[in-house]
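The values are calculated or read from the model by the stated rules, or taken from the named source; none is laboratory data. Note that the structure is a prediction, hence the values are computed from the model and not measured. Cβ atoms come from the backbone with ideal geometry, glycine included; neighbour counts cover every protein chain shown. For accessibility, only protein heavy atoms count, side chains too; no ligands or nucleic acids. Shrake-Rupley method; radii C 1.70, N 1.55, O 1.52, S 1.80 Å.
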Amino acid sequence: MPGLPLIIDCDPGVDDAVALLLALAAPEALDVLAITTVAGNVGGALTARNACLVRELAGRPEVPVFAGLDRPLVRAPVAADHFHGESGLGDLPVRAPARGPETAGAVDHLVQTLRSRPAGDVTLAVTGPMTNLAAAMREAPDIVARIRQVVAMGGARREGGNITASAEYNIHADPHAAEIVARSGVDLVLLGLDVTHQVTATPPRRARLKGLDSPQARAVGQLLAFSARTEAEIGLGGPPPMHDPCVVLWLLAPDLFRLRPCHLAIETESPLTLGHTAVEFRLSAGRPQTALWGVEADADGAFDQVCDLLGRYG
Ligand code: RIB
Ligand code: CA
């Protein structure tokens with residue numbers, strides 16, 4: 001039985017790269033139709049190149065990469081290369097990929113794919129700013145009803161922000177896009193810092209990767225070691241959260257997480273709190289459910305899944 005038809009929209013990005021390697025390791029479970037990329041952690045040309053390099057590393061050169069929008073819908077771009085390195089892939093060696101992105105753009109590809117496949121067939125995993133998805137929804141509102149589900153990494157409620165005091169990076173980087181998606185009525189699962197901060201690459205967990213003898217596992221170990229250093233130097237100081245991999249892990253093993261229905265609204269005006277996610281669990285007629293919000297994660301179970309997936313590259 002073929003896997004879940006999936007498009008991964010991302011901004012690789014160290015943790016996006018880990019998420020891609022996990023997703024591409026399980027073709028029987030996840031039928032990755034395409035990877036679409038967006039400017040975010042680093043510029044759009046680099047995120048597209050990095051996605052091409054990661055698909056090569058995964059041994060999945062047949063998965064097409066489509067480069068997306070190079071700036072947010074409204075606000076000025078804000079990068080996160082201080083966390084991901086100048087290349088966007090930490091200290092991994094980078095080069096020109098054997099095959100670059102397709103000539104078509106990501107937004108057009110999203111619209112074309114969603115219109116050509118059966119309604120309710122395609123799931124979207126979003127691990128960067130929601131710029132491409134929001135632009136596609138704005139350009140072709142008919143696609144909203146054709147999306148099976150959007151599973152995104154973004155936002156924060158209990159944990160506060162990681163790029164400002166009150167906003168998580170993906171939402172802060174394009175709050176207007178996030179607001180379009182939040183208001184669209186799409187079936188939305190949002191895994192924010194409240195759960196990703198529970199799934200961290202602690203030294204014992206990273207040591208487990210050393211027992212996996214493959215170029216892919218070694219690359220993940222190197223990426224996580226880079227993140228551990230940046231978290232110690234300029235982050236919150238603890239072990240690096242597995243932000244984007246949580247999206248893939250939820251798709252493959254949803255029982256590892258607990259979600260709560262919520263009404264989701266995004267701050268798009270205030271300079272102080274731009275990109276804040278107002279996650280309201282007290283639903284009412286005036287505040288209907290618009291998302292499922294991640295509240296708990298089984299971190300040990302999640303890392304077991306990470307090791308199982310990377311072990312498939314052996
Ligand atoms: O806040 C974490 C998110 O911002 C992750 O998607 C990471 O890649 C960065 O883009
Ligand atoms: Ca990302």
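Quick query: amide H of residue 162 versus all other amide H atoms, modeled in the peptide plane; which residues come in under 5 Å with a sequence gap of 5 or more or a different chain?
The list, which skips near neighbours in sequence, is 167, 168, 169.
Can you tell me the dipole magnitude for the chain around its Cα centre, using point charges on the Cβ only (Lys, Arg +1; Asp, Glu -1), in Debye to the nearest 20?
160
Give, as a single signed number, the net charge of other residues whose beta carbon lies under 15 Å from the beta carbon of residue 225, with Lys and Arg counted +1 and Asp and Glu -1.
Taking every other residue near residue 225 into account, the sum is +2.
Quick check: the distance between the Cα centres of the range 224-255 and the range 300-314, to the nearest angstrom?
15
Cα centroids of the range 1-17 and the range 47-70: how far apart, whole angstrom?
Each part reduced to its Cα centre gives a spacing of 10 Å.
Tell me the net charge near residue 304. Cut-off is 13 Å between Cβ atoms, residue 304 excluded, with +1 for each Lys or Arg and -1 for each Asp or Glu.
-2
Give me the three principal axis extents of the range 46-99 from the C-alpha atoms, as integers in angstrom, largest value leading.
36, 24, 15
Assuming 1.306 mPa s and 10 °C, estimate D for the range 1-157 with Stokes-Einstein, Rh taken as the Kirkwood radius over Cα pairs, in µm²/s.
Once the numbers are plugged in, D ends up at 103 µm²/s.
I'd like the Karplus ³J(HN,Hα) series for the range 251-261: coefficients 6.51, -1.76, 1.60, θ = phi - 60°, whole numbers in Hz, and an x wherever there's a Gly or Pro.
4, 8, 8, x, 5, 6, 10, 10, 10, 10, x
Determine how large the accessible area of residue 208 is when every protein chain is in place; take a 1.4 Å probe and give Å² rounded to the nearest 10.
100
Please get the size of the charge dipole for the range 197-245, origin at its Cα centre, with Cβ charges of +1 on Lys and Arg and -1 on Asp and Glu, quoted in debye to the nearest 20.
200
In nanometres, what is the gap between the two model label sites at residue 56 and residue 312, each 7 Å from Cα along Cα-to-Cβ?
2.3
Net charge around residue 205, counting only other residues with Cβ within less than 10 Å of its Cβ (Lys, Arg = +1; Asp, Glu = -1)?
0
Mind checking the log10 I(q)/I(0) for the chain at q = 0.11 Å⁻¹? Debye, one equal scatterer per Cα, no solvent, two decimals.
Taken in order of the listed q values, log10 I(q)/I(0) reads -0.59.
Can you list the HN-Hα couplings for the range 304-314, worked out from phi with the Karplus curve (6.51, -1.76, 1.60; θ = phi - 60°), rounded to whole Hz and with x for Gly and Pro?
Running phi through 6.51 cos²θ - 1.76 cosθ + 1.60 with θ = phi - 60° gives 4, 5, 4, 5, 4, 5, 5, x, 6, 7, x Hz.
Based solely on its DSSP helices, what 222 nm [θ] is calculated for the chain when runs of n ≥ 4 H residues each add -39,500 (n - 2.57) and the sum is averaged over all residues, nearest 500 deg cm²/dmol?
Taking each H run of at least 4 residues, the total per residue is -10500 deg cm²/dmol.
Hey, with R₀ at 41 Å, roughly what FRET efficiency would residue 1 and residue 82 work out to, going by the Cβ-Cβ distance, to 0.05?
Efficiency for this residue pair is about 0.45.
Taking a 1.4 Å probe, which of 75, 158 shows the most accessible area, and what order do the others take after it?
So the residues, ranked largest to smallest area, are 158, 75.
Using the crude model of +1 on Lys and Arg Cβ and -1 on Asp and Glu Cβ, and no other charge, please compute the dipole size for the range 221-304 relative to its Cα centre, in debye to 20.
Rounded to the nearest 20 debye, it is 280 debye.
Test of the criteria: in the range 256-314, which GluC sites (Glu not before Pro) are in a DSSP loop and have at most 14 other Cβ atoms within 10 angstrom of their Cβ?
For GluC sites (Glu not before Pro) across the range 256-314 that sit outside H, G, I, E and B with at most 14 neighbouring Cβ atoms in 10 Å, the list reads 269.
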